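Please treat every number below as a calculation from the coordinates, not as lab data. Owing to the predicted nature of the structure, the values given are computational and were not obtained by experimental measurement. Here the Cβ is made from the backbone with ideal geometry for all residues, glycine too, and neighbour counts use every protein chain on show.
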Amino acid sequence: EPEVTQTPSHQVTQMGQEVILRCVPISNHLYFYWYRQILGQKVEFLVSFYNNEISEKSEIFDDQFSVERPDGSNFTLKIRSTKLEDSAMYFCASSEAMGGGEKLFFGSGTQLSVL
Amino acid sequence: GENVEQHPSTLSVQEGDSAVIKCTYSDSASNYFPWYKQELGKRPQLIIDIRSNVGEKKDQRIAVTLNKTAKHFSLHITETQPEDSAVYFCAASENSGYSTLTFGKGTMLLVSP
């Protein structure tokens, strides 16, 4: 069964540094997402992406964050000048179509620890 | 925006018992309600979903019920097994446009042999 893959599985960084989280969505999917989960809290929507542009973003996704599809397979989340409160599990997801009625397939996540 | 509340946060049952996890949502426009299971260290996986034109859906030992009037939906697992132990997340969204999923906080289900 096709899977969304994410690398790295764990990322440790110093506060103020930039990190790039990488994802390879399922190959025939057209819509891509980033969610995050702070330990013990809800899974929260960050951003959705389609046709090389952001479709929707939450209030969490401020200027510190950016997404990119640098080639035909990768989808990245960049976090500039990381803060302690950015520590969380970041999940990438993809779906065949957009909209809440479409099934999202999640990657296994990147655990980001900001020290 | 949508707000999804999920209860309980932890649930311990004996193998063979039933487990029920409940969620409420706030946005009456929401009409798609998936449930995800996340085993320790693994990705969230969709186990069942329901759309607002249906009141109940069943897949083997798993069922989901939806009450749109009361804005709540529930996951029912019968004949629980130790491998059902995981964190379960409910979610809600509008079935249109660019609507995204809003998740509940999760329920850790522990099934003891």
**OP:** Put one equal scatterer on each alpha carbon of region A:1-53, apply the Debye formula with no solvent term, and list log10 I(q)/I(0) at q = 0.23 1/Å to two decimals.
**Re:** -1.16
Subject >> Selection from B:V54, B:V13, B:L109 lying farthest towards where the dipole of chain B points positive, charges on Cβ >> reply: B:V54
**OP:** Within the set of other residues whose C-beta is less than 14 Å from the C-beta of A:N52, count the net charge using Lys and Arg as +1 and Asp and Glu as -1.
**Re:** -2
Subject >> Whole-Å distance, taken between Cα centres, linking region A:43-73 and region B:49-64 >> reply: 31 Å
Original post:
Any number yet on Rg/Rh for the protein assembly as shown, C-alpha, Kirkwood?
Top reply: 0.97
**OP:** Place a +1 charge on the Cβ of each Lys and Arg in chain A and a -1 charge on the Cβ of each Asp and Glu, then give the dipole magnitude about the Cα centre in debye, rounded to the nearest 20.
**Re:** 220 debye
Subject >> Theoretical FRET efficiency, 1/(1+(r/R0)^6), r = Cβ-Cβ of A:S81 and A:N51, R0 22 Å, to 0.05 >> reply: 0.15
Subject >> Kirkwood-based shape ratio for region A:29-115, expressed as Rg/Rh from alpha carbons >> reply: 0.94
**OP:** Give me the number: length gained by fully extending B:E15 to B:A70, i.e. 0.36 nm times residue separation minus the C-alpha to C-alpha distance, one decimal in nm.
**Re:** 16.7 nm
Subject >> Percentage, to the nearest whole number, of Cα pairs in chain B over 24 Å apart >> reply: 20 percent
Original post:
Counting alpha carbon pairs within less than 8 Å and at least 6 residues apart, what relative contact order, in whole percent, applies to region A:46-115?
Top reply: 22 percent
**OP:** Quick one: dipole size for region B:49-113, taken about the Cα centre, charges +1 on Lys/Arg Cβ and -1 on Asp/Glu Cβ, in debye to the nearest 20.
**Re:** 260 debye
